[in-house]
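Engineer: Below is one structure. I have some questions about it.
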Amino acid sequence: MDGKYTNNLQAALLFEGEANICPSIHLNQFRGTMLEKNLPLNIGQENETFALFIGPDELYISVTYYNEPAEHGVFAFTLQSGLSNMLCEDAPARVQRHRSHVLVGIWHGALGTATDDPKIAEMFDQIGMPRPGHSLDMFNLRVDVLSEVCRHLIEFQPASAVHWTQSNLMIAGDKALTVFDQERPGLLTVHPIMFGVEKVPGFD
């Protein structure tokens, strides 16, 4: 099955204070774990707050630390979700309190997120060219690797919450590792449409 799986997956880790994370340093153990799983990762680009890891089959992982809050409005949709409210009962308060965050992205292929664009996808289909990473196995790999990145970051610096954007879930930091350990398909890949009746004030 090709062409049916989101190529670009993201997660945002929210911290209530300064996390002072240097991705290329604090994810060395993560790279070791991936190497043990026959997934060697090289650093393609790095500075004090950013690292781009490159793996086999054009697997790319970007990790960026921001010493500032994320824009609150991006969480408006997930804060209306009943499932997110179960996984993080005080999600609005955690979003309001966070003072720094890490954004993690993972995708296959040099074109990255462009292949999820319907026009680009149609072009690939017309010329009979398979889109990079668009198979169930590669999608599952991205989910697993993204979980491992988040796991290693949380073990270094406990997060207040994790926003898993692919299924649009807000997960309390102390519950995140339990969710990451679930078998697929699970909460990280399937999100039932469950919404609260009222909008959350301040997140329009």
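Engineer: Within the range 147-171, which residues are without any contact (Cβ under 8 Å) to a residue 60 or more places away in the chain, of a type in the set (S, T, N, Q) and either part of a helix (DSSP H, G or I) or within 11 Å of Ala12 (Cα to Cα) (or both)?
Structural biologist: Ser147
Engineer: Hey, another quick one. Could you list all residues from the range 1-43 that are assigned to a loop (DSSP other than H, G, I, E, B) and farther than 22 Å from Ser135 by Cα?
Structural biologist: Listed by number, the residues that qualify are Glu16, Gly17, Glu18, Ala19, Asn20, Ile21, Cys22, Leu27.
Engineer: Could I ask something else about it? Being more than 21 Å from Glu18 (Cβ to Cβ) and outside any helix (DSSP H, G or I) is the filter here, so list the residues in the range 172-182 that pass it.
Structural biologist: Asp181, Gln182
Engineer: Taking the range 62-90 only, how many residues are aliphatic (A, V, I, L, M) and modelled with pLDDT of 95 or more?
Structural biologist: 2
Engineer: Of the residues in the range 158-169, how many are modelled with pLDDT under 95 and touching a Phe, Trp or Tyr at 6+ places or on another chain (Cβ under 8 Å)?
Structural biologist: Number of matching residues: 1.
Engineer: Let me ask something additional. Among the listed residues Leu52, Leu83, which satisfies the condition of being part of a strand (DSSP E or B) and either more than 17 Å from the chain's Cα centre (by Cα) or surrounded by fewer than 21 Cβ atoms within 10 Å (Cβ to Cβ) (or both)?
Structural biologist: One residue alone meets the criteria, Leu52.
Engineer: Of the conditions (1) within 24 Å of Phe156 (Cα to Cα); (2) surrounded by 13 or more Cβ atoms within 10 Å (Cβ to Cβ), Thr78 clears all except one; give me its number.
Structural biologist: (1)
The values are calculated or read from the model by the stated rules, or taken from the named source; none is laboratory data. Everything numeric here is computed off the predicted structure, so don't read it as measured data. Ideal geometry is used to build each Cβ from the backbone, glycine not excepted, and the neighbour counts take in all protein chains shown.
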